[in-house]
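The next block holds one structure in the form of structure tokens; read it before the comments.
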Amino acid sequence: MKAIVLVIACLAMRSVGVSGAQPGLHWDGSQGDYFGDDDGPFTVGFRFRAETDFVVTGFGAFDYLGDGFGHSHTIGLWDAASGSLIATATVNPGNGASLVGQFRYVDVAGVTLAANREYIVAASEFYGATRDLYVSVPATAFKMAPGLSYLAPRSAAEAPGLVFPELEIGAPLSGMFGANLQVTAVPEPASWALLVVSFGWGWAVWVRSRGTLDRKVA
């Protein structure tokens with residue numbers, strides 16, 4: 001009977017779509033356009049919209065060759081409407097941060113995205129042709145995680161440190177990376193209710209079976 005309860009729980013979790021963290025933006029590294037100038041540093045990222053609630057579990061910075069960074073990158077998340085900075089995290093030089101796809105990530109806690117709101121995520125200290133490079137990518141070459149919508153590339157004028165990326169060039173036909181984030185979708189209230197009911201029903205079945213077995217033994 002305990003096995004039955006575990007099966008019920010697993011099916012309930014699967015039915016509500018509870019999933020682990022995934023990159024907010026998925027890109028396989030193809031069709032990238034790298035610049036030949038020696039300008040920088042720049043803060044580079046993109047504007048996006050959350051269609052549902054998310055928990056942000058990590059901030060990431062683009063690692064050109066996957067071999068680590070020459071210096072640190074600070075990633076920021078802003079509310080697009082107000083321009084207010086919500087959270088920051090820093091990826092240190094070298095290759096100590098976790099590499100997932102084209103980005104190296106550090107963990108963050110207590111950061112959420114609200115449904116039907118727009119945000120900007122961007123990372124500092126990227127250059128055109130030397131040191132840690134940023135990249136321009138056509139919008140057809142990448143996609144967002146389900147529940148997130150890409151809106152436009154964002155960047156700031158040449159300056160050191162994390163700067164609010166107020167420039168929006170090439171929208172929405174291209175992306176500029178930059179930064180990324182890892183997210184976990186928050187199940188809808190109705191889905192949580194289904195999960196609770198399923199667990200409760202499984203527990204009741206298990207308790208009843210235990211009572212029947214105890215009476216037979218007695």
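Key figures for this structure:
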quantity: Enumeration of residues in the stretch 161-177 that are modelled with pLDDT under 95 and buried (at least 17 other Cβ atoms within 10 Å of the Cβ); calculated: Ser174, Gly175, Met176, Phe177
quantity: Matching entry among Val91, Val121 (being touching a His at 6+ places or on another chain (Cβ under 6 Å), assigned by TED's automatic domain parsing to the domain that holds Tyr34 and among the aliphatic types (A, V, I, L, M)); calculated: Val91
quantity: Output for the stretch 89-111, where each listed residue is surrounded by 14 or more Cβ atoms within 10 Å (Cβ to Cβ) and of a type in the set (S, T, N, Q); calculated: Thr90, Asn92, Ser98, Gln102
quantity: Lone unmet requirement of (1) free of Cβ contacts under 8 Å to residues at least 40 places away in the same chain; (2) farther than 18 Å from Phe42 by Cα for Tyr119; calculated: (1)
quantity: In the stretch 120-139, residue farthest from Ser72 (Cα to Cα) [restricted to those that are among the aromatic types (Phe, Trp, Tyr) and crowded, with 24+ Cβ neighbours inside 10 Å]; calculated: Tyr134
quantity: Selected residue (only one of Phe103, Phe142, Phe177 is touching a His at 6+ places or on another chain (Cβ under 8 Å) and either closer than 13 Å to Phe42 by Cα or touching a residue at least 60 places away in the same chain (Cβ under 8 Å) (or both)); calculated: Phe142
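For every residue, the table says whether it meets (1) touching a residue at least 60 places away in the same chain (Cβ under 8 Å); (2) in contact with a Pro (Cβ under 7 Å, 6 or more places away or on another chain); (3) not in a loop (DSSP other than H, G, I, E, B).
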position	(1), (2), (3)
Ile86	no, no, yes
Ala89	no, no, yes
Ala115	yes, no, no
Phe126	yes, yes, yes
Thr130	yes, no, no
Leu151	yes, yes, yes
Arg154	yes, yes, yes
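The values are calculated or read from the model by the stated rules, or taken from the named source; none is laboratory data. Since this is a predicted model, take the numbers as computed values, not measurements. Please note: Cβ atoms are built from the backbone with ideal geometry, for glycine as well, and neighbour counts cover all protein chains shown.
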